[in-house]
Each structure stands twice: as C-alpha cells, then as structure tokens.
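Quick notes on the structure that follows.
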Amino acid sequence: MRQPAHGGNLAWAAALADCPPDAILDFSASISPLGPPSSAIAAIVSQLSNLRHYPDPNYSELRLALSHFHQLPPEWILPGNGSAELLTLIGRELSQLAATMLMTPAFGDYYRTLAVHNAKVLEFPLDLGARELGVRKQGGQKRDVFLSSPHLPIPASQGCGLLLNNPHNPTGRLFSRESILPYLEQFALVVVDEAFMDFVPPDEEQSLISVVPEYGNLVVLRSLTKFYSLPGLRLGYAIAHPDYLTKWQLWRDPWPVNTLAAAAAIAALEAQEFQEQTWKWLPPARNQLFQGLTDLPGLQPENSAANFLLVESKQSTSQLQQKLLKQHQILIRDCLSFKELGDRFFRIAVRSDTDNQRLLAALKLVLSAEC
C-alpha cells in the first residue's frame, strides 16, 4: 500500500502494523481528542430524516451562524466541502497571477492545487531562528506567547499572490497579525489559511478575519473539522469579498456541503463550553508533551501555538514510524512530503494525557533500543 502524503491514513497504518484500524493510536492527524461536541452529534441525529431532501444551495442558516460567530455579513462567507475544496477554487484564482509565493516548508495541498491550475510558484524558506517572545497576562498570571514574522521578500511585481498558513503547518509557528498586514499592500491576492487558529485562545489569536472588509485582496480560510473533531464530515469556509465568493460559487459543483455537516457546524459554533474546555486543556497538555519529548535523547521539539508539535530527530523518522507501528500500534506523521524536512523530522498531535504518556513510553523504548 502506498505511503500516505497526509496524516490519518489508518488503513495504511493497520496494514503495516498487522492489526485492525481501530487498534491504531493515531498521532498523525492533528484532530482534537475532546470532541466532537455532544451538541454536534445531536444535530446530526436530528437531521437524519432530512436526508431525503437536497440541502439549501445557499446554506443560509450555516452562513448566518458563521456571520454571527465572526460578526461579518453572510455574503462575505462561503462554506465548502472542507477547506481543501475552497483551496482548489483559490488555486484557480492564483493561477491567473504572475506567480504565487509559498513559504516553505509548506502544506502539500498547496502544491497540489497550484499544480492543477499550472500556477507559477516562488518558494521562500521560513527562518526557523527568527522568533520573538511576547508576554501577556491572563487571569493574573503571565503566559509566554511565541510570535514570529514570515520575513518574506517584497515581490518584484505587485501582480503576485501569497499563500501562507497561520499557525504554520508543520512547525506550529504563530505569525503576528501585524507582521502579515504589510503584505496586503504588496501582493495582488493574499490567502491566509487559518485551519489551526481556533486552537489559539481568543486573547492570543492573530486572525485576520476582522480586517477582511478593509482589504479586497485578502482571503481567509477556516476549517471546522480539526478543532471540533469532525474531519469525516468535511467542512470549511472562506471569508473574502463577495465578488470573489460569487465567482467561486459558479466554478464548483452544486451542494458541496451535505445536510449533516451543515447541521453539525451550526451546533458546534454554539458550543461555547466545548471551546473554553479546549483552550484550557491544550496549553498544559502541549507543554507536558513538549517537555517529555525534550527529555528523550536525540529529539528536539519545536515550540507550537497549535495542537501539534514538529520534532527533529537524530534518527531516521520513517524507520521510527515503522517501529512504533509494528511494536506499539502508534502512528506518527513522517515529514517526507515536506521536502525541506525529509527523514529527520516528524509531527505529532497533542492528545489526551494517557495517550501522550503512552507515546512517550513507546518512544523511549524504541530510541533506547537504537543506542
């Protein structure tokens, strides 16, 4: 079976580990272990009888819920079959520009959508050494907030596009809002993929959604599947000027979002207790996992603002991945699809304390066997 380019391929992992897929402990897909919210599941069940009807082609209720959530008019929001579907539409838009700048290492799907439309790509490496530390108070206590800047060169022509994600995948780096804003004056179209921004607490997040109405060349992509643990439903949305969204609507197939996904999304957006629980859970869980990895010989994790950690290894990570699977039924995400990282990095999701401790114990056994 072919090596997966994305995380979460349990069929491939189970075949390699010679066990059922549900026996695999999956750290390769960066999905919250806390969900889905019970209200989202209840909403799905409540809509089963409506499967005999077509969805509303305009998704009026879903757009209204997203409108209230982000305090934007509904016509500035376009739901999609996962943010991947919307990315494909945006790739067609970017292909009409002179070139599109990508900061590397970059999410592999960016290359896919740009290649499909024969877009010219300009690559610029992320400076992993450039990082500033911001300190903010929360609840009377200080919390360290690591902020970065993309440090991208100014394009020779203003007819270029920029596609980046924030927080950055696969490093987890969080770029400050202020460091991205100048690029809106320098590029014809700026697309910011905020698939993991939900995991950043509101007092620390660096989203550009609030300034979309001020910039006709800004597109923000969001996912509702990672934070709310609903990847099987495939749901994301784009926030951009209505002129873009009207055009993209004409480019795609009808009814891209199914009835169950739309209902679950509306319920999830209202799950405030779940949102608060996630923001409370993630920082200490991530810090404990970070420290546990740091204590293991030959591993160096990168600080992250998201629900995953990028880890540098002195050993081959593809071999490490196979040993964890065959010996412990644990799946980590190798970084072979990120050409700049290769076989010396892997990425892992932050899961429950029990799961995280199981991973650390398995890594300790595998790494000690190599010494």
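Each of 279, 255 has some number of other Cβ atoms within 10 Å of its Cβ, and from fewest to most they run 255, 279.
I need the calculated FRET efficiency for the pair residue 270 and residue 326, taking r as the beta carbon distance and R₀ as 35 Å, to the nearest 0.05.
On the way: r = 43 Å, r/R0 = 1.23.
E between residue 270 and residue 326, to the nearest 0.05, is 0.20.
Of the residues 149, 32, 49, the one that moves most in a GNM of the chain with alpha-carbon contacts below 10 Å is 49.
So how much slack lies between residue 19 and residue 315, counting 0.36 nm per residue of separation and subtracting their Cα-Cα distance, in nm? It would help to have the intermediate numbers written out before the result.
Details: separation 296, 0.36 × 296 = 106.56 nm, distance 2.55 nm.
Computed gain between residue 19 and residue 315 is 104.0 nm.
Placing a label point 7 Å from the Cα of residue 112 along the Cα-to-Cβ direction, the residues of segment 336-364 whose backbone N falls under 15 Å of that point are 337-338. Computed extension length for residue 253-residue 68: 64.0 nm, one decimal, from 0.36 nm per residue of separation with the Cα-Cα distance subtracted.
Just check segment 1-119 against the gyration tensor rule for me: Cα atoms, a ≥ b ≥ c as the square roots of the eigenvalues, rounded for a/c under 1.5, and otherwise prolate or oblate depending on whether a/b exceeds b/c. Could the numbers behind the result be given before it?
Details: a/c = 2.08, a/b = 1.05, b/c = 1.99.
Here segment 1-119 falls in the oblate category.
Only helical DSSP H runs with n ≥ 4 go in: add -39500 (n - 2.57) per run for the chain, normalise by residue count and round the 222 nm mean residue ellipticity to 500 deg cm²/dmol.
Details: 11 runs with 128 residues, N = 371.
Value at 222 nm, helices only: -10500 deg cm²/dmol.
Can you give me the relative contact order of the chain as a percent, contacts being Cα pairs under 8 Å and 6 or more apart? Mind dumping the intermediate values first?
Working: 672 pairs, mean separation 88.6, N = 371.
Once normalised by length, the contact order is 24 percent.
Kindly list the residues of segment 88-111 that lie in the label zone of residue 149, defined by a backbone N under 19 Å from the point 7 Å along the Cα-to-C-beta vector. Those under the cut-off are 102-104.
Classify segment 327-371: rounded, prolate or oblate, from the alpha-carbon gyration tensor (a ≥ b ≥ c, eigenvalue square roots; a/c under 1.5 rounded; otherwise prolate if a/b is larger than b/c)? Verdict is oblate for segment 327-371. Ordered by the number of other Cβ atoms lying within 10 Å of each residue's own Cβ, fewest first, 68, 53 fall into the sequence 53, 68.
Could you tell me which of rounded, prolate or oblate describes segment 38-270, using a ≥ b ≥ c as the square roots of the eigenvalues of the alpha-carbon gyration tensor, with rounded for a/c under 1.5 and, failing that, prolate when a/b is larger than b/c and oblate otherwise?
Judged from the Cα gyration tensor, segment 38-270 comes out oblate (a/c at least 1.5, b/c at or above a/b).
Laboratory data are not the source of any read-out in this text; all were calculated from the coordinates shown. Predicted model only: the values in this text are computed from it and were never measured. Positions of Cβ are backbone-derived with ideal geometry, glycine not excepted, and every protein chain shown enters the neighbour counts.
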